[in-house]
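Below is one structure, written out as structure tokens; comments come after it.
The values are calculated or read from the model by the stated rules, or taken from the named source; none is laboratory data. Predicted model, so just to flag it, every value in this text is computed and none were measured. As a convention, Cβ positions derive from the backbone with ideal geometry for all residues, glycine included, and neighbour counts pool all protein chains shown.
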Amino acid sequence: MKNQSYSATIEVALPQKDVFTRMNDFEKWWTRHIEGETAKLNDEFVLRYGDVQGDIHYSKHKLIEVIPDRKIVSLVTESKINWIEKDKNEWTNTKMIFELTPKGDRTELKFTHEGLVPEKECYAECAKGWDTFIKQNLYAYLSEGKVLSNDFKTSIAAKISAEEAIKRISDVPAWWDVSFTGSAEKQNDKFIVKMGGDSFFDFTVAELIPGKRVVWLVTDCHMPWYSDKKEWANTRLIFDLTENNGITQLTFKHEGLTPEVECYKDCEPGWTHWIKTSLFSYFTTGKGDFNRPYAKK
């Protein structure tokens, strides 16, 4: 139906009060990059994907209706979606509506993004995003208590095809300043990365879906700088890609790299540079950027 806003409905075996409380804890199921308050009428908060220097998505919200245990409505007062070509402020003045209805001993939650209609440039990708956030993340949090992972995650968007982006990701030495042997071009390929000294990281290309996804599994490693020299072993480097109107959005996650592990303090700024600066540069200029700003001279 023309001009019908995006909506999604889920049902869980929880009373309305518990659903309302958990639903309102956006950081547990939506994004950890939220600044501000999200509980009371007129509260304002900012949501971002990416960092301050390179936001892929930024939006500012104001709670304009709060009916405890029944309904929350937030108005998007500002927005900027950088991968959109025509109107990067498409979300501005749209509303996000969460409505709860009792169904016996269960609760139905209906989410509507009022104003996100098929005529919008971002509709296809934003609808996919909401399907993930509502039908997967929020449903898992409400029904099983599963919260968003603490795994390191970052994103970039560039004017490049998804097919070409995967080719460049697989050309590891061109954007990651490491010693490289082997191949990363096809599923089941194996390669070894060294970062100096007697360090090594053995990888297998565990998954490769052309134009969509690459997953590298760390099968073994030696990290002489840390007490747990196998800290990366059995972790996964995941590259998810989505192409829209010639712009490819890449979301990178190092599954298993969390703030609790010893190397996080070094690996977090390292990955931030290699993905957001060097790989982005390789996507856009054909040359990686090995000048790490955090490295001590």
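Taking Asp220, is it assigned to a strand (DSSP E or B) and exposed (fewer than 15 other Cβ atoms within 10 Å of the Cβ)?
The answer is yes for Asp220.
For Tyr49, work out the one condition from (1) surrounded by 18 or more Cβ atoms within 10 Å (Cβ to Cβ); (2) touching a His at 6+ places or on another chain (Cβ under 7 Å); (3) without any contact (Cβ under 8 Å) to a residue 40 or more places away in the chain it doesn't fulfil.
(3)
Find the residue count for the stretch 132-144, including only residues that are touching a residue at least 12 places away in the same chain (Cβ under 8 Å) and over 14 Å from the mean Cα position of the chain (by Cα).
8
Do we find that Ile156 is under 30 Å from Thr285 (Cα atoms), modelled with pLDDT of 95 or more and not basic (Lys, Arg) in this structure?
Here the answer is no, as Ile156 does not meet what is asked.
With respect to the numbered conditions (1) touching a strand residue (DSSP E or B) at 6+ places or on another chain (Cβ under 9 Å); (2) closer than 17 Å to Phe133 by Cα; (3) surrounded by 17 or more Cβ atoms within 10 Å (Cβ to Cβ); (4) touching a residue at least 24 places away in the same chain (Cβ under 8 Å), which one is the sole condition not fulfilled by Leu14?
For Leu14, the exception is condition (2).
Restricting to the stretch 59-73, name every residue that is touching a residue at least 24 places away in the same chain (Cβ under 8 Å) and assigned to a strand (DSSP E or B).
Correct list: Ser59, His61, Leu63, Ile64, Glu65, Val66, Lys71, Ile72, Val73.
For the stretch 74-131, which residues satisfy the criterion of being in a loop (DSSP other than H, G, I, E, B) and surrounded by fewer than 16 Cβ atoms within 10 Å (Cβ to Cβ)?
Glu85, Lys86, Asp87, Asn89, Asn93, Gly104, Asp105, Val117, Pro118, Glu119
If a residue has to be at pLDDT below 95 and not charged (D, E, K, R) to count, how many in the stretch 188-198 make the cut?
3
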